[in-house]
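> Take this structure, written in structure tokens, and hold onto it; I'll ask about it next.
Just so it is clear, none of the values below were taken in a lab; they were calculated from the coordinates. Remember, predicted model here, so these are calculated numbers, not experimental data. Note: ideal-geometry Cβ built from the backbone for every residue, glycine included; neighbour counts use all protein chains shown.
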Amino acid sequence: MSKELAALRQNYALNALSASDVSPDPMAQFGHWFDEAIDSKVLEPNAFSLATANLEGRPSARTVLLKGFDHKGFVFFTNYESRKGNELDVNPQAAMLFTWLDLQRQIRIEGSIEKISMEESLDYFQSRPIESQIGAWASPQSRPITSREVLEKNQVAIKEKYRGVEKLPLPPFWGGYRLVPLWFEFWQGRESRLHDRVVCSPKEGGWEIGRLAP
């Protein structure tokens, strides 16, 4: 083991978190912390790790961008034919992890997955920059390609096909998912690695708030 790597560590002492600090509505608590991340100029505050698994239980994870959240859940977009899309089709459960190291905070969320409506997906898709719309059409996401030139040729072909068009049609293989939360953990770094971990689990009529050992 590298001694230099083993010695890497940060002391977390910015803040504290008790169960009484957390809103009885974990979506409201998420919104509060998310706003603080934005106000603190955290780089890509809406970036999160999305973990999925196939039917054999083999997990995979990648970074995705959150594009909306409300009382119904958390919305993100992707190619439905990608690896995550295929895994979510057969095993519609997922976990999200937001890591805001500048604030010494993490939020973990677990829940079930559902597709949003085609109309919602179309509205978002056509709000994207035109180059991003073209990119979605041009990339056979997660499938093997022989070289980058494949993508570039696809991009040129799509540009030519839709020359002069500002809003491309929605690809039939692309759209949004919503994670419906079933569990939250709000994590605040503390000194001596005795971090604060407050969890929210569903109960009849609301949420039960508790604490986990770090």
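> Along the principal axes of its C-alpha atoms, what lengths does the range 13-212 span, in descending order and rounded to whole Å?
Largest first, the range 13-212 extends 58, 37, 32 Å along its Cα principal axes.
> Next up: What value, in deg cm²/dmol to 500, does the helix sum -39500 (n - 2.57) over DSSP H runs of n ≥ 4 give at 222 nm once divided by the residues of the chain? Each step should come with its number before you reach the end.
On the way: 6 runs with 59 residues, N = 214.
Rounded to the nearest 500, it is -8000 deg cm²/dmol.
> Further question on the same structure: So what's the net charge close to A136: Lys and Arg +1, Asp and Glu -1, counting the other residues with Cβ under 12 Å from its Cβ? If you can, show how the numbers build up before the last one.
Numbers: positive: R128; negative: E81, E131.
Here the charged neighbours net out to -1.
> On to the next question. Work out the count of Lys pairs in the chain where the Cα-Cα distance is under 20 Å, with the pair 8 or more places apart or on different chains.
So the count works out to 9.
> If you don't mind, there's one more thing I want to ask. What do you get for Rg/Rh over the range 142-214 if you use C-alpha atoms and the Kirkwood form of Rh?
Values: Rg = 23.6 Å, Rh = 17.8 Å.
In the range 142-214, Rg relative to Rh is 1.32.
> Separate question: Around E166, with a cut-off of 15 angstrom between Cβ atoms, what is the net charge of the other residues, counting Lys and Arg +1 and Asp and Glu -1? Could you put the intermediate results ahead of the total?
Working: positive: R128, K159, K161, R163, K167; negative: D123, E131.
Cβ neighbours under 15 Å give a net charge of +3.
> If exposed GluC sites (Glu not before Pro) are those in a DSSP loop with at most 13 other Cβ within 10 Å, what is the longest stretch of the chain that has none? Don't jump to the answer; show the numbers that get you there.
Details: sites that count: E56, E166, E204.
So the longest stretch without any such site is 57-165.
> Right, another one. In whole Å, what are the extents of the range 57-170 along the principal axes defined by its C-alpha atoms, from largest to smallest?
Between the extreme Cα coordinates on each principal axis of the range 57-170 lie 44, 34, 32 Å.
> Ok, one more. Placing +1 at every Lys and Arg Cβ and -1 at every Asp and Glu Cβ, with all other atoms neutral, what dipole size does the chain have around its Cα centre, in debye to the nearest 20?
The dipole of the chain has a size of about 660 debye.
> Give me D for the range 1-115 in µm² s⁻¹, whole number, from Stokes-Einstein with Rh from the Kirkwood sum over alpha-carbon pairs, 10 °C and 1.306 mPa s.
Numbers: Rh = 16.1 Å.
In µm²/s, the coefficient is 98.
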